[in-house]
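Notes follow the structure.
The values are calculated or read from the model by the stated rules, or taken from the named source; none is laboratory data. Since this is a predicted model, take the numbers as computed values, not measurements. No Cβ is skipped: glycine too gets one built from the backbone with ideal geometry, and neighbour counts run over all protein chains shown. We work out accessible area using only protein heavy atoms, side chains counted, and drop any ligands, DNA or RNA first. Shrake-Rupley method; radii C 1.70, N 1.55, O 1.52, S 1.80 Å.
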Amino acid sequence: MNKSLTFLGIETSCDETAAAVVQKDSQGNVKILSNIVSSQIDEHLKFGGVVPENAARAHAEKIDIIIKKALQKSKLSFKDLDGVAATAGPGLLVCLMIGLSAGKSIAAILKKPFLAINHLEGHALTARIFNKISFPYLLLLISGGHTQFLIVEGVGKYKRIGTTIDDALGETFDKTAKMLGIEFPGGPKIEKFAKLGDENFFNLPKPIIHHPGCNLSFAGLKTAILQITRTIKNQKQKNDLAASFQKTINEILYLKCKNAMKQFTNQYKNKNKIFVISGGVASNKSIRKNLDDLSIEMNFKNFFPPIEFCSDNGTMIAWAGIERFEKGIKDKLDVIAKPRWPLDPSAAFLKGAGVKY
Amino acid sequence: MELNSLDSTRKLAEIISKNLKNNDFLLLKGTLGSGKTTFSKFLVRALQKKNKIKPEEVLSPTFNIVQYYDLGKNSKVAHYDFYRLKQKSDINYLGFFDTAKNFINIIEWPELIIDSLPEYLQISFIYNVDKDIRSVKINGKGKWFNFSINE
């Protein structure tokens, strides 16, 4: 029987400053003791003056109070922690450095193990907090900065079988929203507009849809939307475009996920067919419904993490820390931040649509 | 100059790649969907080919604000996208360009920084929606002032 493990997780790879305390007890039950995310509590914090939304300075100003709040809420003190995990990449260097340094400092002072976590691994393993999911499983990671199909073979073992060749899916949502006049990042508002619109009103392109495999492309779709937005005059047309866009995304995901599922099934014939969807875009309800339906059709059992754990958070980092620590992994305190850090460094190189040499 | 196919975008990128050196700034202006990132993709590919470097995947830098690409021993490409930044001070807070000595800098959405640059080459992407025609305008400052491309 394993002993109980309590980890602090720190995440600052992009816009969110986040910290969480997660505990796995000796029976293997997982409890999220706290989960503090800056965007959800900003209105209660007074920093004075305008803090640039995307800047590293914002992380630097918030990190102490976010970690403190995570500890307070967990009702534990630093000495109760068994380890500290912090995101080391991929992301923006100056942002990563803040969470990473904070994590290293705390671990050094406590003389407790430190784990440098790949942000993508955090997303990849999150679903295992909430469900007993065994390896291997198929993962679709869809967020503002990442869009990939991965086969999760185990902790630290990933095979990338597909990726976007241009824009990330969340970015496509945000930019479409922007073209509809919604301030960036307005992706989540697309869903609201779409509910009121006619999804068959506009016919939009599905780039590389007929290519085999499960790579995705959204740049051409963005240009098509740009063309249409120039002619749009009223809210009804905006709703129609949002609905048609969301439908097009769902059709693309349906086909590409199906291809990924077939590939998974071919490769792991006798294994359970499990499909996990993670990342911020996985909170879109119409995408959830679409992938639920596809999973039933393909006889896959699918899992979405709860919506608040789809976007960036400290819980997934603490959890990845626990999972890695249980495998006997620890990192040294001289580990550096890695802006570029693929989960599967051996993945086949992608030339990208039209970029032929 | 008209860009009527991906191939002409690639050719433009190849020509530009031959002229870029460390510490140069190439600014890419244009609306969403006008082709800036597609051009950047071809450009990084051409630069890596010129430097005999294994090609790397070039993705949109919007979310990360900057992506780096290897050009060998003494050079790198820094591919910036300031789309998400709201004010000039954001660039300072993020610490960009502090260590940018050996970089070829490509900047999408350069409006926030253009006035602070003494020298740059700028490509403006123009997409005529009605006619579905893409074209570019090239202008420059400093050593790029008289730069032109013979089609």
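Observations
Quick grid of which residues meet (1) in contact (Cβ under 8 Å) with a residue 60 or more places away in the chain; (2) in contact with a helix residue (DSSP H, G or I) (Cβ under 8 Å, 6 or more places away or on another chain); (3) crowded, with 22+ Cβ neighbours inside 10 Å; (4) not hydroxyl-bearing (S, T, Y):
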site	(1), (2), (3), (4)
A:S278	yes, yes, yes, no
A:K285	yes, yes, no, yes
A:D292	no, no, no, yes
A:D312	yes, yes, yes, yes
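- Matching helices (runs of 4 or more DSSP H) fully within region A:65-171 where at least 3 residues are surrounded by 23 or more Cβ atoms within 10 Å (Cβ to Cβ): A:93-110, A:119-125
- Positions within region A:181-226 being of a type in the set (D, E, K, R) and within 17 Å of A:D240 (Cα to Cα), in sequence order: A:K189, A:E191, A:K192, A:K195, A:D198, A:E199, A:K222
- Test: residue in region B:29-42 that is among the β-branched types (V, I, T) and more than 9 Å from every other protein chain (Cβ to nearest Cβ): no
- Looking at region B:1-118, the helices (runs of 4 or more DSSP H) lying wholly inside it that each contain 1 or more residues that are open to solvent by less than 40 Å² (accessible area, probe 1.4 Å) and either among the aromatic types (F, W, Y) or touching a residue at least 24 places away in the same chain (Cβ under 8 Å) (or both) sit at B:6-19, B:36-50.
Residue-wise test of (1) touching a helix residue (DSSP H, G or I) at 6+ places or on another chain (Cβ under 7 Å); (2) of a type in the set (K, R); (3) farther than 28 Å from A:T172 by Cβ.
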| position | (1), (2), (3) |
| --- | --- |
| B:F39 | yes, no, no |
| B:V44 | no, no, no |
| B:L47 | yes, no, no |
| B:P55 | yes, no, no |
| B:V58 | yes, no, no |
| B:A78 | yes, no, no |
| B:R84 | no, yes, no |
| B:E111 | no, no, no |
| B:Y120 | yes, no, yes |
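- Counted residues, region B:10-32 - those being within 18 Å of B:I114 (Cα to Cα) and among the β-branched types (V, I, T): 1
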